[in-house]
Amino acid sequence: MPIRLAVPNEIVPGERRIALEPGVAKRLMDMGVEVNMEKGAALSAHFSDEAFEGVKIIDTPAELYKNADVVFKVQPPTLEELDMMDEGTIVVGFMQPHINEDVTHKMCEKNITALAMELIPRITRAQSMDALSSQAAIAGYKGVLMGADLASVFFPMLTTAAGTIRPAKVLVIGAGVAGLQAIATAKRLGAVVEAYDVRAATKEQCESLGAKFVDTGVSADGEGGYARELTDEEKQQQRDVLAKHVAQSDVVISTAAIPGKPSPKIIDKDMVANMKVGAVIVDLAAEGGGNCELTEPGHTIDFESRVTIHAPINVPSQTPVHASEMYSKNLFNLISPFIKEGGELELDWEDEVISKCALTHCGEVKSDRYRRVEVTK
Ligand code: NAD
C-alpha cells in the first residue's frame, strides 16, 4: 500500500516555513506516495495550493491527520496535533526534545515514531539530510544582512566624489555552519572580516573564506567535531584577547553554541560599553540564551544609545522560500531511500542515520541522549 503523507500548516507563531515544496511533492508522488496537504499551509512560504499539482488539499488538520502514515513538519508537533494523529504514525521534523519532554512522552504513549532532524548524525553520507546545517547557513547569511541594515556605516569601501569611505569591520564569533556563511556573506558585501572560534580546524576554514582569524590561544575541541565548554581560565583568556577586537568592530555576528548547553556568554557588558558608537551585535545564538550578556532573545536593545543588540529568533523562517526548499529536500533525502516500489515505506532500523535520528519508536525513547524521559504506560 502506498503511504499517505500529510503536511499540516505550521501553527507556531512566526513560523513561515513549510515542510514540503512543490518539487519535492512531485518527486514523492512519482514514487507512488499519496501526498496530502492542509489548505493554505504553504502560503506563508509563498507557495499557493495550486503550485502543488496533484497533491490532495485537505480543509482541516483533523481530516488531514486521520489515516496519515507519515507527517512532515518543521516545528515539533504539539500535544493537540498528536491527539489528532493515529497510533503508529511516523512524524519527521525538528523535535527539540530537550524542551519538549511532554511531547516525547506522548509520542511514546501513542506509539508514534519520531524522526528528529536535529539528531541526524553529522556524517558525510548524511550531509544532504542535515537540516541543522541547511537552516544554519540561512541564519548566517540573513544575520549579516540584518547587521548591515542596522549598521550606521556602509559595508564596502566606497570611493566617491565626497571622499573615500572605509569598509566596515565585521567580527564573526563562532565559525560553524552559520558563522562560515556569515563570513562569506560579509565578505561579499565588501566588509573587512575577522573571525573567531575555539575549534582548531576553523582557522583554515575562516582564512579560506577571506577572514582574518583571531587567535586567543584557547583551543576547545569537544566530541563529534563540536566545541566543549571553556574553563574559567580559558574564558578569561578568550575575553582578554577578544575584547580588543569587539571594541574595533562595526558589526559583531555571534553564532557560538555548544550542543545541549546554553549558549556560551562571550561578550559581557563591559565589552559592549567599549564598542564604537553606532556598533551592532547580531546575536544569532539568541535561541540558546545568546552569546552576549545583554541579549534579550527575540528583542532589539539600544544599549545606552551606543550599541544595538539584535537577537532574532527563528531566523531561517525569515527566508521562507529557500529555507522551505532546503528543508523539504533534507526530509526527502532522509526518507526516499526507504520508499519501495508502489510508494510503500520500509524504514531500515540497521541504517545508522535512521537509528540515530529516531527519537521515539515502538513506545520507547530510542535516542540515548534523551532516554531519561520516563515512559509510564
Ligand atoms: P554549533 O552550532 O554547535 O556551534 C557553532 C560554533 O560555535 C562552532 O563552530 C563551535 O566551535 C563554536 N563555539 C562554541 N563555543 C565557542 C566559544 N566559547 N567561542 C567561540 N566559538 C565557540 O556548530 P555547527 O555549526 O552545527 O557545526 C559544528 C561542527 O559540525 C563543525 O565542525 C562542522 O564542520 C561540523 N559539521 C559536520 C557536518 C557533516 O560532516 N555532515 C555537517 C555540519 C556540520
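For segment 1-115, give the percent of accessible area contributed by carbon and sulfur heavy atoms, probe 1.4 Å, rounded to a whole number. Please report the intermediate quantities before stating the final value.
Values: 2450 of 4760 Å².
Percent of accessible area from carbon and sulfur atoms in segment 1-115: 52.
Return a whole-number percent for the relative contact order of the chain, with Cα pairs under 8 Å and 6 or more residues apart as the contact set.
Contact order relative to length: 20 percent.
With the contact rule set at Cα under 8 Å and sequence spacing of 6 or more, what percent relative contact order holds for segment 143-212?
Relative contact order of segment 143-212: 28 percent.
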> With each run of n ≥ 4 DSSP H residues scored as -39500 (n - 2.57), what mean residue ellipticity at 222 nm is computed for the chain after dividing by its residue count and rounding to the nearest 500 deg cm²/dmol?
Replying inline: -9000 deg cm²/dmol
> Can you give the relative contact order of segment 1-81 as a percent, counting alpha carbon pairs under 8 Å and 6+ residues apart?
Replying inline: 42
> What accessible area per residue comes out for the chain, rounded to a whole number of Å², with a 1.4 Å probe?
Replying inline: 45
>> If you build the convex hull over the alpha carbons only and average its shadow over all orientations, what do you get for segment 81-224? Give it in nm² to one decimal.
In response: 12.4
>> Among 306-315, 59-68, 165-174, how do they line up by average Cβ neighbours within 10 Å per residue, starting with the highest?
In response: 165-174, 306-315, 59-68
> Taking the highest mean first, how do the peptides 224-235, 316-327 order by number of other beta carbon atoms within 10 angstrom per residue?
Replying inline: 316-327, 224-235
>> What's the ranking of 13-20, 215-222, 333-340 by average number of surrounding C-beta atoms within 10 Å, highest first?
In response: 13-20, 333-340, 215-222
> In whole Å, what is the distance between the alpha-carbon centres of segment 103-171 and segment 1-29?
Replying inline: 22
>> If I model a spin label as a point 7 Å beyond the Cα along the Cα-Cβ vector, how far apart are those points for Lys66 and Asp268 in nm?
In response: 6.1
>> So if each residue of separation counts as 0.36 nm, and I subtract the Cα-Cα distance between Asp351 and Ala201, what length gain in nm does that give?
In response: 51.1 nm
>> What does the net charge come to around Leu331 if you take all other residues with beta carbon closer than 15 Å to its beta carbon, with K and R at +1 and D and E at -1?
In response: -1
> Between Asp221 and Ala162, what is the label-to-label distance in nm when each label sits 7 Å out along the Cα-to-Cβ direction?
Replying inline: 5.0
> From the backbone phi of segment 108-119, what are the Karplus-calculated ³J(HN,Hα) couplings (6.51 cos²θ - 1.76 cosθ + 1.60, θ = phi - 60°) in whole Hz, Gly and Pro given as x?
Replying inline: 5, 4, 8, 6, 8, 8, 10, 9, 8, 4, 6, 9
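The values are calculated or read from the model by the stated rules, or taken from the named source; none is laboratory data. Fair warning: this is a prediction, and the values are worked out from it, not measured in the lab. All Cβ positions, glycine included, derive from the backbone under ideal geometry; neighbour counts span all protein chains shown. Each accessible area value is taken on the protein alone, full model and side chains, heavy atoms only, with ligands, DNA and RNA left out. Shrake-Rupley method; radii C 1.70, N 1.55, O 1.52, S 1.80 Å.
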